[in-house]
1. Name the residues in the stretch 38-55 that are among the aliphatic types (A, V, I, L, M), within 31 Å of the chain's Cα centre (by Cα) and assigned to a loop (DSSP other than H, G, I, E, B), would you?
2. Working carefully through the options THR207, THR222, THR203, find the one that is under 22 Å from PHE140 (Cα atoms), touching a helix residue (DSSP H, G or I) at 6+ places or on another chain (Cβ under 9 Å) and hydroxyl-bearing (Ser, Thr, Tyr).
3. Among (1) surrounded by 12 or more Cβ atoms within 10 Å (Cβ to Cβ); (2) outside the structural domain of SER252 (by TED's automatic domain parsing); (3) in a helix (DSSP H, G or I), there is one condition ARG73 misses while meeting the rest; what is its number?
4. Given (1) farther than 30 Å from LEU219 by Cβ; (2) in contact with a helix residue (DSSP H, G or I) (Cβ under 7 Å, 6 or more places away or on another chain); (3) at pLDDT 90 or above, where does LEU95 come up short, assuming only one miss?
5. Select, from ILE121, ILE159, ILE195, ILE128, the only residue that is without any contact (Cβ under 8 Å) to a residue 40 or more places away in the chain and closer than 22 Å to ALA266 by Cα.
6. Starting from residues that are closer than 20 Å to LEU210 by Cβ and either in contact with a strand residue (DSSP E or B) (Cβ under 8 Å, 6 or more places away or on another chain) or exposed (fewer than 13 other Cβ atoms within 10 Å of the Cβ) (or both), keep the ones in the stretch 256-270 and report whichever is modelled with the lowest pLDDT.
7. Within the stretch 107-207, which helices (runs of 4 or more DSSP H) (wholly inside it) include 1 or more residues that are among the small types (Gly, Ala, Ser), assigned by TED's automatic domain parsing to the domain that holds LEU94 and surrounded by fewer than 16 Cβ atoms within 10 Å (Cβ to Cβ)?
Amino acid sequence: MRKRHTPKDRLITVALHVALAVGLFFAAFPIYWMLSSSFKSNTEIFALPPTILPKAFTLEAYAAILGDPVKLRFFFNSYFVAGTVTVLTVLIALLAAYGFSRFNFRGKGSLNTLIISTQTIPPITLLIPFFGLVVSYGIFDTYVALILTYLVFTLPYAILLMTGYLNTLPRDLDEAVAVDGGTSWTALWRVIVPISLPGIVATSVYTFLLCWNEFLFALTLTKSTSMRTVPIGIQLLMGQHAFEWNQMMAMSVLGSLPLLLIYLVAQRYFLAGMTAGSVK
């Protein structure tokens, strides 16, 4: 028998939908404003009252960015650093997670606790020590400085995420490989890796997003314009006497599109990988 809805139930439903609509507006409007402003001239952005839709639709902000080799360099730096860190993080995390998941060794518990404890340290407290190390090793204002620094922050969580995922895979798979005369390396690369695609994709997406959006260390550990990343490039558009708001919004849109496309393509694997470690 179908349950009848009382006036109180309808009122709760309406209130819930209104609350969701308000939340959606506050979440979506900044994105819309960024997109709309990127198609305005800088003069129109400062107009009062502000215009919701561009009065004079223009692509001058995008032309200024895509036609400037210096600004395009920001995108190359972000892609190169984030891509390199992602590959290294996934490879190292996969090997470490396989060891934690499949083998027992002395100090395993202590090492696991140490990895977890690194997540409790605020990154900003490590800024000065990292700056001193980078300068003392002569790698300041280089890709190496950014890559090594980002690895420190991406590896612990990646190892925990991959370990949780590999723990959901039955050990019978490894035993079947051993029966056929295969080694642990064979089991890892021939069996575990192919069926761990959701976990690998989730780790890759998380790592790439973290590196792409990072601002503080990229600002501190680089100095030359040729080494700046996209977040720093957006900040550089804020001059002493003028703010190029339309270019800032256009660069933000161009910087967000790759992340959106990556997430849309890998969404199914990403969600599966993020939740796999919580339920066996």
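The values are calculated or read from the model by the stated rules, or taken from the named source; none is laboratory data. Given the structure is predicted, the values throughout are model-derived calculations rather than measurements. Glycine also receives a Cβ, built like all others from the backbone with ideal geometry; neighbour counts cover every protein chain displayed.
1. Residues of the stretch 38-55 that are among the aliphatic types (A, V, I, L, M), as a first pass: 45, 47-48, 52-53.
From the residues that got through so far, the ones that are within 31 Å of the chain's Cα centre (by Cα) too are 45, 52-53.
If the condition is that a residue be among the aliphatic types (A, V, I, L, M), within 31 Å of the chain's Cα centre (by Cα) and assigned to a loop (DSSP other than H, G, I, E, B), then ILE52, LEU53 are the ones that fit.
2. On the way: THR207 fails: under 22 Å from PHE140 (Cα atoms); THR203 fails: under 22 Å from PHE140 (Cα atoms).
Selected residue: THR222, the only one of THR207, THR222, THR203 that is under 22 Å from PHE140 (Cα atoms), touching a helix residue (DSSP H, G or I) at 6+ places or on another chain (Cβ under 9 Å) and hydroxyl-bearing (Ser, Thr, Tyr).
3. (2)
4. (2)
5. The unique qualifying residue is ILE195.
6. Filtering the stretch 256-270 for residues closer than 20 Å to LEU210 by Cβ gives 256-267, 269-270.
Going one step further and asking which of them are either in contact with a strand residue (DSSP E or B) (Cβ under 8 Å, 6 or more places away or on another chain) or exposed (fewer than 13 other Cβ atoms within 10 Å of the Cβ) (or both), we end up with 257, 260-261, 264-265, 267.
On the way: LEU257: 83, LEU260: 80, LEU261: 81, LEU264: 77, VAL265: 75, GLN267: 69.
Applying the filter and picking the extreme gives GLN267.
7. Details: elements: 108-117, 127-136, 143-166, 172-179.
Result: 108-117, 127-136, 172-179.
Here's the yes/no breakdown for (1) within 16 Å of the chain's Cα centre (by Cα); (2) on the phi < 0 side of the Ramachandran plot:
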| residue | (1), (2) |
| --- | --- |
| GLY107 | no, no |
| GLY132 | no, yes |
| LEU166 | no, yes |
| PRO170 | no, yes |
| LEU188 | no, yes |
| ILE200 | yes, yes |
| SER204 | yes, yes |
| ASN213 | yes, yes |
